[in-house]
Amino acid sequence: MAAQISTGMGELREITKMERIGAHSHIRGLGLDDRLEPRANSQGMVGQAKARKAAGMVLKMVQEGRIAGRAILFAGPPSTGKTAIALGRFKIEFIRRYLTFCFCSEVFSLSMSKTEALTQAIRRSIGVRIKEETEIIEGEVVEIQIDRSLTGATKTGKLTIKTTDMETIYDLGTKMIDALSKEKVLAGDVIVIDKTSGKISKLGRSYARSRDYDAMGADTKFVQCPEGEIQKRKEVVHTVSLHEIDVINSRTQGFLALFAGDTGEIKPELRDQINSKVAEWREEGKAEIVPGVLFIDEVHMLDIECFSFLNRALENELSPLVIMASNRGMSRIRGTKFRSPHGLPVDLLDRVLIVSTKPYAEEDIQQIIQIRCEEEDVTLTEEARSVLTSMATSTTLRYALNLISCAQVIARKRKADAVDVEDLRRAYTYFMDERRSVQWLKEQQGSLVFEEVDQEDATAGDAMES
């Protein structure tokens, strides 16, 4: 007798694709029109009209290649969309190609020096388009003849290929025969052969052979027979970053070090040689520099040595656009005893364009909550949405957005389709925000471990950090 196995689930859903929902996964762009004017609610962006318009102007200048070697600082309180605006800019395909994220905590945690980590991040953000001409053979395969020896050890053959103007026969060796067999090239296929590397690419079937078979696969592609000569010269463009060129030339294993991740420190002499070679290619017209974007989040975590290095790096000819974000006001520059706006030295602040963000209005917060509910597939009642908006106003926006998924779990336990006010209240009692956490610490009256620090220890810790 067959036993029926119960899974304990009411329904089974077929999952075809897993998508991770992140803090900024709802951001699709900057929400600007063709005139770089910000829309009220578009592409996941709400509010911060001036900051978004400034980011759109920067994006336009980056696409035109006119703003390399500049620095921009997004400054504002927490939960005002600084990282969201930066990510919205990077949704553009042109920017995403030459984009590097740099988190300040990584600079101090890597096994290399701080300046080396920043140098590698800067050179990852600079693309090099290398142009070269290669000879190719392009045409329609008329016939393939393969002759094997009695033992089968050696293979020879002939390839007849044609265009609309001419037809040629080529002798084939063992490697070319194996390459043709691997690509499953048949008579009637239009192929391209790179004479330098011997690589074979199949473009499709010729229209003249479209009636050879009664049935064709859905993925069968038909193309016209090429015109002109069979052997042609074609310009090929390769795009790499300066860091990739550094790694390939500095390690014994070559480009395999890119996949291993352990690139180590690269000698300045090697970088100087690569820079001079790239400059030589630019003069000859073989290469083109494409300055990208380096985004440094929580830039106030860098110390005075890193800021001095960035000052010098921005003056370099090969320099990307550096975008920084900070939520600090008047704070101490790390590594010194001096205080400065945003925790950045005054000489570096003099170089940057500062874009400010302001706290969201209540209407903007309500729209952001609605966008996050759609992203997380959560339904809120009207009363719950207004209560969550007031929570975000009294606490923080991030705390309110984090309660959405928690309240959904509570609503599912009572088998409700929508999250109600009672679910939010229970989630509010389970998870504390910053203000209630501070109040709770005061009520403990020093019962926590290592809560009190002597003044001498604090002074010694500041001296060591300096």
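Which residues, counting only those in the stretch 31-40, are loosely packed, with under 15 Cβ neighbours inside 10 Å and not charged (D, E, K, R)? Scanning the stretch 31-40 gives a single hit, 40. Of the residues 363, 317, 288, the single one that is open to solvent by 20 Å² or more (accessible area, probe 1.4 Å), part of a helix (DSSP H, G or I) and not β-branched (Val, Ile, Thr) is 363. Selection over the stretch 216-229 of residues that are open to solvent by less than 80 Å² (accessible area, probe 1.4 Å) and at pLDDT below 70 gives a count of 2.
Each row is one residue, and each column tells you yes or no for (1) in the same structural domain as residue 433 (by the TED database); (2) part of a helix (DSSP H, G or I); (3) modelled with pLDDT of 90 or more.
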| site | (1), (2), (3) |
| --- | --- |
| 371 | yes, yes, no |
| 374 | yes, yes, no |
| 378 | yes, no, no |
| 383 | yes, yes, yes |
| 386 | yes, yes, yes |
| 398 | yes, yes, no |
| 407 | yes, yes, yes |
| 411 | yes, yes, yes |
| 415 | yes, no, no |
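Here residue 372 does not qualify as surrounded by 16 or more Cβ atoms within 10 Å (Cβ to Cβ), more than 27 Å from the chain's Cα centre (by Cα) and among the charged types (D, E, K, R).
Residue count for the stretch 383-398 under the criterion of being surrounded by 19 or more Cβ atoms within 10 Å (Cβ to Cβ) and under 28 Å from the mean Cα position of the chain (by Cα): the result is 1. Tally time: how many residues in the stretch 184-200 are basic (Lys, Arg), surrounded by 12 or more Cβ atoms within 10 Å (Cβ to Cβ) and farther than 19 Å from residue 234 by Cβ? Matching residues across the stretch 184-200 total 0. When you check residue 181 against the structure, is it over 21 Å from residue 231 (Cβ atoms), open to solvent by 40 Å² or more (accessible area, probe 1.4 Å) and of a type in the set (Gly, Ala, Ser), yes or no? Against the criterion (over 21 Å from residue 231 (Cβ atoms), open to solvent by 40 Å² or more (accessible area, probe 1.4 Å) and of a type in the set (Gly, Ala, Ser)), residue 181 qualifies.
Of all residues in the stretch 163-196, those that are touching a residue at least 40 places away in the same chain (Cβ under 8 Å), touching a Lys or Arg at 6+ places or on another chain (Cβ under 7 Å) and not β-branched (Val, Ile, Thr) total 2. Can you tell me which residue in the stretch 399-435 is farthest from residue 84 (Cα to Cα), limited to those that are aliphatic (A, V, I, L, M) and open to solvent by 60 Å² or more (accessible area, probe 1.4 Å)? Here the residue is 409. Note on the stretch 276-285: residues that are within 15 Å of residue 316 (Cα to Cα) and surrounded by fewer than 17 Cβ atoms within 10 Å (Cβ to Cβ) total 2.
Residues in the stretch 365-379 that are among the acidic types (Asp, Glu) and closer than 21 Å to residue 82 by Cβ: 1 in all. Pairing each residue of the stretch 146-162 that is among the basic types (Lys, Arg) and at pLDDT 75 or above with any residue that is exposed (fewer than 12 other Cβ atoms within 10 Å of the Cβ) and in a loop (DSSP other than H, G, I, E, B), provided the two are 6+ apart or on different chains, yields C-beta distances under 8 Å for 148/154; 155/149.
Scanning the stretch 165-178 for residues that are open to solvent by less than 80 Å² (accessible area, probe 1.4 Å) and not small (Gly, Ala, Ser) yields a count of 8.
In a residue-by-residue description of the stretch 380-393, the property of being within 16 Å of residue 81 (Cβ to Cβ) and not polar (S, T, N, Q) applies to at least one position. Across the stretch 68-97, the qualifying residues are those that are modelled with pLDDT of 70 or more and in a loop (DSSP other than H, G, I, E, B), and the one among them that is nearest to residue 120 (Cα to Cα) is 69.
Among the criteria (1) basic (Lys, Arg); (2) open to solvent by 30 Å² or more (accessible area, probe 1.4 Å); (3) closer than 30 Å to residue 62 by Cβ; (4) touching a helix residue (DSSP H, G or I) at 6+ places or on another chain (Cβ under 6 Å), the one residue 155 does not fulfil is (3). Residue 340 meets all of the listed conditions (1) among the small types (Gly, Ala, Ser); (2) more than 22 Å from residue 117 (Cα to Cα); (3) open to solvent by 40 Å² or more (accessible area, probe 1.4 Å) but one, namely (3). The residue that is nearest to the chain's Cα centre (by Cα), among those in the stretch 269-305 that are of a type in the set (Gly, Ala, Ser) and over 26 Å from residue 104 (Cα atoms), is 287.
The values are calculated or read from the model by the stated rules, or taken from the named source; none is laboratory data. Here the structure is a predicted model, which means the values were calculated and not measured. Heads up, the Cβs are rebuilt from the backbone with ideal geometry, glycines too, and the neighbour counts pull from every protein chain shown. What goes into the accessible areas is simple: the full protein's heavy atoms, side chains included, and nothing from ligands, DNA or RNA. Shrake-Rupley method; radii C 1.70, N 1.55, O 1.52, S 1.80 Å.
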